[in-house]
Amino acid sequence: MLEEVGFVDVSYGNRIDTFAGAPGEEKARAYDVHGYTFMARKPD
Amino acid sequence: MATSELPVDADSLRSEVRDKYRDVALEPGAEHHFHTGRFLARHLGYPAAWVDDVPEPVVESFAGVGDPFAMRRLEPGERIVDVGSGAGFDSFCAAWQVGDDGHVVGVDMTPEMLDKARRNAALVGADNVEFREGFAEQLPVADGWADVVISNGVINLCPDKHAAFTEIRRVLRPGGVLQFADIANGTPVPPGALREIDLWTG
Ligand SMILES: C[S@@+](CC[C@H](N)C(=O)[O-])C[C@H]1O[C@@H](n2cnc3c(N)ncnc32)[C@H](O)[C@@H]1O
């Protein structure tokens, strides 16, 4: 989607176990939900 | 905003999201289905220098899902927009990085979060940060103003992600950077469950 709206150089960082130990962990695991970091650039 | 094909009603979703984050602003210590506060910031790997000594109100309503500064540190003098700034923790981390020559604009749609963010700015003496009320899909920022847009745990809450990203692109200068943290699911959520508002609000 980032490329679709005109971003370039899209990259992403490590997967983060955001919900580990939280009350919502079970639901997060059911849909394999994790945190991610992303970076993209608007073309010059 | 093209919302006709969204699996949930955009206005109901916004109102549910506001209710949820009003609670996180006013009762950060209550049980939420996600982690919050200083514990969360440490869990996500934020540097101790940003987390350990900040006054409790500044970090207690933090509800991010990753560290948007992990892939790239901000540079002195940069102009930053924080989309969905909540109680302001990331905006202050940004302010410390960009310094007095930089400027940070936090945007959020939940009044209680904005109030808290403004009180927090006074608490930490952050003169280079301001908070504006608005939507990710309609940012109250001029075209091309920002060097960098950051965001943490917000785009997943937007019913129209395409509109949010288009708006972010509009406020960035040519060559500007979007760096953000968000959640994504590896297993597809069934269409029926997509209409469960609970799955969206957190
Ligand atoms: C998960 S919290 C994250 C807050 C902050 N980024 C942090 O890391 O603590 C989500 C925030 O985004 C705001 N928000 C959600 N949807 C929004 C939208 N469409 N426009 C503006 N703000 C939004 C909520 O009010 C809430 O403060």
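Quick note: the coordinates plus some simple rules give every number you see, no bench work behind them. In this text the structure is predicted, and so the values were computed from the model without any measurement. Glycine also receives a Cβ, built like all others from the backbone with ideal geometry; neighbour counts cover every protein chain displayed.
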Task: Gap separating the Cα centres of region B:5-73 and region B:87-121, nearest whole Å - done: 13
Open item on the list: What distance in nm lies between label points placed 7 Å from Cα along the C-beta direction at B:ASP127 and B:ASP115?
Closed with: 2.8
Open item on the list: Can you tell me how chain B classifies by the Cα gyration tensor, rounded, prolate or oblate, using a/c under 1.5 as the rounded cut?
Closed with: oblate
TODO: Would you calculate the separation in nanometres between label points at B:ASP11 and A:ARG29, each defined as 7 Å from the Cα along the Cα-to-beta-carbon direction?
DONE: 4.0
- [ ] For n ≥ 4 DSSP H runs only, could you compute -39500 (n - 2.57) per run for chain B, divide by its residues and tell me the 222 nm figure to the nearest 500?
- [x] -10500 deg cm²/dmol
Open item on the list: Given a 10 angstrom Cα cut-off, can you work out which residue in B:GLY186, B:GLY102, B:GLY45 is the most mobile in a GNM of chain B?
Closed with: B:GLY186
Task: Total formal charge among the other residues, if their Cβ is under 11 angstrom from that of B:GLY88, Lys/Arg +1 and Asp/Glu -1 - done: -2
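What FRET efficiency comes out for the pair B:PHE39/A:ASP44, r = Cβ-Cβ distance, R0 = 51 Å, nearest 0.05?
Efficiency for this residue pair is about 0.80.
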Open item on the list: Using Cβ counts within 10 Å as a stand-in for footprinting exposure, how do B:MET113, A:MET39 rank, fewest first?
Closed with: A:MET39, B:MET113
Open item on the list: Residue by residue through B:174-181, how many Cβ atoms from other chains fall within 10 Å of the Cβ on average?
Closed with: 6
TODO: Taking only Cα atoms and a 10 Å spring cutoff, compute GNM fluctuations for chain B and point out the largest among B:PRO159, B:PRO111, B:PRO47.
DONE: B:PRO47
Open item on the list: To make sure I understand the rule: partners must be aspartates and glutamates, Cα under 17 Å from the Cα of B:LYS116, and not fewer than 8 residues away in the same chain. Which ones qualify?
Closed with: B:ASP19, B:ASP23, B:GLU27, B:GLU56, B:GLU60, B:ASP82, B:ASP90, B:ASP108, B:ASP127, B:GLU130, B:GLU133
TODO: Pop the C-beta distance of A:ASP17 and B:ASP101 into the FRET formula with R0 = 30 Å and round what comes out to the nearest 0.05.
DONE: 0.25
Task: For B:ARG72, net neighbour charge (Lys/Arg +1, Asp/Glu -1) across residues whose Cβ lies under 13 Å away - done: -3
Task: Residue among B:HIS43, B:HIS33, B:HIS162 with the largest mean-square fluctuation in a Gaussian network model of chain B, springs linking Cα atoms under 10 Å - done: B:HIS33
